[in-house]
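Notes for the one structure printed next.
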Amino acid sequence: MKLHISGRQLISDIVLAVLIILYTTCTMLISRHTSYYDIYKLSGRDSVSFEKAVVTAVSSEKLENHSVQKGMVTGIQNLTVRILSGQYAGKVVPFTNYLNYDTSYRFTRGNHLIVSVNATGDKKIFHVFVSTPDRLPVLCLFAILIIILLCTAGGRQGFRSVLAIVFTLSSILFVFIPLVYRGIQPAGTAVLLAAVTAGITLPLTGGTGRKTAAAAAGTLVCLSLAAGVQTVFCRLTMVSGFTFGDTDSLMQIAAHSGLKIGGLLFAAVLISSLGAVMDIAMSIASAVNEVHLNNQSAGFGELFTAGIHMGRDMMGTMANTLILAFTGSSLVMLVQIYTYNMQPDQVLNSNSIAVEIIQALSGSFAVISAVPVVSALSAELLCCKGSRSK
């Protein structure tokens, strides 16, 4: 398959890439702050840091495979590592690696890892412990492979999709999180994030025009409807951001910042549903637009019906995708519930399960409502265009 890109399109994509890189860099720099509590300070003037290291030798090891859990290795390894970063870079240190159920990392010579360096206040004495394998290079390679696959399969649209992903992640990590931390209401900030994300990423991936306008407007409308429904059922079930499992930690953070915990659940549902809603909204808007291009005389009813028929094939699978995503994130908890034969009344009314159910159903509501809403918006915009062209 040949990829035809004009010089103007190439320049446009390069400019977009530069702008998004600048946006990411600026927001990352602006979002920096001083933590109210230094988690890397120990008692007195002692401190801990996490540094890169490489295994230079395995002196000895005594390991055994777990009798029940396949793939789990326990025991000890006597390693020698060279620290590669930080104040002690270049130091060669021997230490013992203890392999347990949650730290079953068997290292060989040449493996890279992250070590915890505990140092005294005068920095003269320090102790090294295994933290984790150095996974970042592999994770970056995985991400690069996905980007290459996306660009190869999608061509120019694939490249623009990568830019859209970078923009969305930057907006969440470096704009939304800092604003919420500084006391801006999570609910309002999440709605604004959804509007900006839809307004930027949909034109990037789908181009500009009435099709994209209908998809963006439909996304915002459906998320707003889902937010309203979620608010009603959260009040009826007495569920809020305070029912998250990390409430204690969040309360400590809120005591030293402007964080408003109550609205975090609302924001979490909007953000987690945004991608699926944009997906189905753009698909329906594109389908209605194709019908209009093939039949310029098609009226509102015909275009709306075409969108509904297209949506019926998608809403079930998209809603199922959301529910499976939330279920997958709770898989460990579900195994524990099954194991201990917990009573249904206890399980279904627990905070954690209630939160997951409301998140899944609210997201599904947004996806399902996108079908008639985007179909109607697309049909109306295209009919207005057709009437004016006449």
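The values are calculated or read from the model by the stated rules, or taken from the named source; none is laboratory data. This one's a predicted model, so the numbers in the text were calculated from it and none came from an experiment. Don't worry about glycine lacking a Cβ; one is built from the backbone with ideal geometry, like all the others, and counts go over all protein chains shown. Only protein heavy atoms, including side chains, enter the accessible area calculation; ligands, DNA and RNA are left aside. Shrake-Rupley method; radii C 1.70, N 1.55, O 1.52, S 1.80 Å.
Quick look at the values:
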| read-out | value |
| --- | --- |
| Projected label distance in nm at residue 50 and residue 34, using a 7 Å step from Cα toward the beta-carbon | 2.4 |
| Paramagnetic reach from residue 95 in region 126-170 [backbone N under 20 Å; point 7 Å along Cα→Cβ] | 126-137 |
| Overall dimensions of region 330-385 by Cα: Rg and Dmax, Å | 19.2, 61 |
| Region 170-205 versus region 280-311: alpha-carbon centroid distance in Å | 30 |
| Heavy-atom SASA rank of 40, 340, 98, 181 (probe 1.4 Å, accessible area, largest first) | 340, 98, 40, 181 |
| Rg over Rh [alpha-carbon atoms, Kirkwood Rh] for region 58-165 | 1.15 |
| Surface accessible to a 1.4 Å probe, residue 165 within the full protein complex, Å² | 90 |
| Volume per residue of the C-alpha convex hull in region 1-122, rounded to whole Å³ | 244 |
| Ellipticity estimate at 222 nm from DSSP helix runs (n ≥ 4, -39,500 (n - 2.57)) divided over the chain, nearest 500 | -21000 deg cm²/dmol |
| For residue 260, distant residues with modelled amide H under 5 Å away | 183 |
| Three principal axis lengths of region 16-56 [C-alpha, angstrom, descending] | 48, 37, 9 |
| Equivalent-ellipsoid semi-axes of region 228-338, from the Cα gyration tensor, Å, largest first | 39, 18, 12 |
| Average projected area [Cα convex hull, region 106-206], square nanometres | 11.2 |
| Using a Förster distance of 41 Å, the FRET efficiency for residue 231-residue 256 (Cβ separation, nearest 0.05) | 0.90 |
| Within region 1-76: Cβ-based charge dipole about Cα centre, in debye rounded to nearest 20 (Lys, Arg +1; Asp, Glu -1) | 260 |
| Difference of contour (0.36 nm per residue) and Cα-Cα distance, residue 73 to residue 26 | 12.4 nm |
| With all protein chains modelled, accessible area of residue 96 [1.4 Å, Å²] | 50 |
| Cα lying deepest toward the dipole's positive end in the chain, options 93, 208, 58, charges on Cβ | 208 |
| Which of 318, 28, 238 is most accessible, then next, and so on - probe 1.4 Å | 238, 28, 318 |
| Area accessible to solvent at residue 304, 1.4 Å probe radius, in Å² | 60 |
| Rounded tilt (10° steps) of 7-30 against the dominant C-alpha axis of the chain | 50 |
| Heavy-atom accessible area ranking, 1.4 Å probe, most first, across 125, 172 | 125, 172 |
| Förster radius 51 Å - calculated FRET efficiency between residue 58 and residue 331 (Cβ-Cβ, nearest 0.05) | 0.90 |
| Whole-number D in µm²/s for region 233-284 (Stokes-Einstein; Kirkwood sum over Cα pairs; 10 °C, 1.306 mPa s) | 125 |
| Taking N as its residue count, the alpha carbon Rg of the chain over 2.2 N^0.38 Å | 1.23 |
| Charge-dipole axis of the chain as Lys and Arg at +1 and Asp and Glu at -1 on Cβ define it, positive-most pick from 252, 364, 136 | 136 |
| Test item: Cα-centred dipole of the chain, Lys/Arg +1 and Asp/Glu -1 on Cβ, debye | 1040 |
| Label point distance in nm, residue 19-residue 320, each placed 7 Å from Cα along Cα→Cβ | 3.9 |
